[in-house]
Amino acid sequence: MGVSPIRPEFKEDLYKYMTGIVRNKGQKLISINGMSDHVHVLIGLKPAMALADLVQDIKADSSKFISKKSWVRGRFSWQEGYGAFSYGHSQLDTIIRYMQNQEHHHRRRSFKDEYLAWLKKFEIPFEEVCFPVR
């Protein structure tokens with residue numbers, strides 16, 4: 001994310017706004033949740049939509065929204081890049097539960113550590129330098 005984390009009292013409005021972006025692009029938002037420094041969005045993506053385009057729209061539009069609301073000092077922007085993982089219908093309940101329990105997960109493990117574990121699990125090459133400590 002940007003320089004300043006999103007405060008908990010703004011999460012609900014941010015998630016509603018991001019849901020609107022996804023729906024306005026003709027996609028189905030299944031679940032959304034996160035922490036002050038990242039957001040998980042579970043989407044039923046139609047084949048005609050490029051994931052990169054949707055993520056770009058979500059990040060650009062929500063950055064403008066956050067800046068306009070003055071929720072952070074200065075101009076907000078998400079960090080460059082994103083992670084995307086594909087799951088089957090039979091895994092949805094597990095993924096939704098995981099997303100809903102973000103606070104619990106991150107008491108034990110930082111987002112960075114958890115994300116790096118996912119990359120290793122799915123054998124996705126990465127450079128450690130891409131994950132600055134904030």
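The values are calculated or read from the model by the stated rules, or taken from the named source; none is laboratory data. Please read all numbers here as calculations on a predicted model, not as lab measurements. As a convention, Cβ positions derive from the backbone with ideal geometry for all residues, glycine included, and neighbour counts pool all protein chains shown. Quick note on the areas: whole protein, heavy atoms, side chains included, nothing else; ligands and nucleic acids left out. Shrake-Rupley method; radii C 1.70, N 1.55, O 1.52, S 1.80 Å.
Values as computed for the structure displayed
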item	result
Potential lengthening between Tyr98 and Arg7 on full extension [0.36 nm per residue; Cα-Cα distance subtracted]	30.7 nm
Principal axes of the range 1-50: Cα extent on each, largest first, Å	34, 17, 14
Sulfur and carbon atoms: percent of accessible area, the chain [1.4 Å]	51 percent
Accessible area (Å², per residue) of the chain, counting only protein heavy atoms and a probe of 1.4 Å	67 Å²
Value of relative contact order over the chain, rounded to a whole percent, pairs C-alpha under 8 Å and six or more apart	25 percent
P(r), alpha carbons of the chain - 10 Å bins starting at zero, rounded %	10, 41, 40, 9, 0
Backbone N within the range 8-35 under 12 Å of label point (7 Å from Trp118 Cα along the Cβ vector)	33-35
